[in-house]
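See structure below.
The values are calculated or read from the model by the stated rules, or taken from the named source; none is laboratory data. All of these numbers come straight from a predicted model, not from anything done at the bench. All Cβ positions, glycine included, derive from the backbone under ideal geometry; neighbour counts span all protein chains shown. In case anyone asks, the SASA skips ligands and DNA or RNA and just uses the protein heavy atoms, side chains included. Shrake-Rupley method; radii C 1.70, N 1.55, O 1.52, S 1.80 Å.
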Amino acid sequence: MPLFRPLSSSLDLQGAFAQLSRRGFAGHHLDETLRQLTATTSRILNIERVSLWGLSAQGEKLECINLYELSRDQHSNGLTLRAARYPEYFRALEKGEPIVADDAMKHPSTQELSHDYLLLNGISAVINSPIHADGELQGVLCIERVGPHATWTSVQRLFAHAVASLVSQALLQYQLLSIKEELRDAKQGKKIVQGVFRPLDSDDS
C-alpha cells in the first residue's frame, strides 16, 4: 500500500489531486476507475472509509457502489440507504451542497443516520459531496472518519469537492464511450443489413 504525505496546504492539495487524476483514470472500465478513486482518496487523506453511492432513478434510495476501508485494504458494496427512513439526509443532498459534519451524530443532516449507520460503523465525522452529471444529482461521495470526531480542514473539504468533480468526469466519460459504442454497433448492424439485402436488389434489377 503506497504511503502519502498528509495534506496540509494548497500546494499539497494540487499535487495530490494531480496524482489522483493520473491514478483514477488508469483503468478503462468505470468500476475499476471508481475503485482506484476511493482507495487513493482514502490513502491520501489517511481516512478509514471512502465510498461512492449511486442515486436510484426515482431518487428513493442510495446504493453503495464501492466502499474502501483503509485498515483492511478492502473494497465492498451493496449497502442501501432509503429516503423514506432518512428524509432529512436526502433533502440535504438534493440541495446540491456538500454536507460537512465535524460531529456526524449531532449534525442536523446526518444525525438520523446515527443508530443504523454511524454507530454501527464507528463513524464520527463525514464529508458528503454530491455527484452531478448533466446537471442532475447522480450520487454522493462519502468521506468518513472512524474514531474520535475532529474538525475537517479547509484542504480536506476542497479535496473532497475535487474528487467528487473527478467522479462526475468519470461518469460523463463513461456515458460518452457508451454512446460511441452504441453508434458503432448501430453502423455495423446497418452494414450487415445492407449486405444481406443488396444481392436481392441486384437480382431484382
Qualifying residues in region 78-92 (those that are modelled with pLDDT of 95 or more and open to solvent by less than 80 Å² (accessible area, probe 1.4 Å)) - the one nearest to L30 (Cα to Cα): T80
Residues being in contact with a helix residue (DSSP H, G or I) (Cβ under 8 Å, 6 or more places away or on another chain) and open to solvent by less than 30 Å² (accessible area, probe 1.4 Å) - total across region 48-61: 5
Determine which single condition V100 fails, assuming it passes every other condition in (1) open to solvent by 20 Å² or more (accessible area, probe 1.4 Å); (2) more than 19 Å from G139 (Cβ to Cβ); (3) among the hydrophobic types (A, V, I, L, M, F, W, C). (2)
Going residue by residue through region 83-101, is there one that turns out to be in a helix (DSSP H, G or I) and farther than 23 Å from S168 by Cβ? yes
Log entry, pairs with first residue in region 96-118 being over 12 Å from N128 (Cβ atoms), second being hydrophobic (A, V, I, L, M, F, W, C) and part of a helix (DSSP H, G or I), beta carbons closer than 9 Å, six or more apart or on different chains, reads M105/L113; M105/L118; M105/L119; P108/A92; Q111/L118
Note: among H75, H149, just one is open to solvent by 30 Å² or more (accessible area, probe 1.4 Å) and either assigned to a strand (DSSP E or B) or hydroxyl-bearing (S, T, Y) (or both), namely H75
Hey, L70 surrounded by 13 or more Cβ atoms within 10 Å (Cβ to Cβ) and within 23 Å of L171 (Cβ to Cβ) or not: no
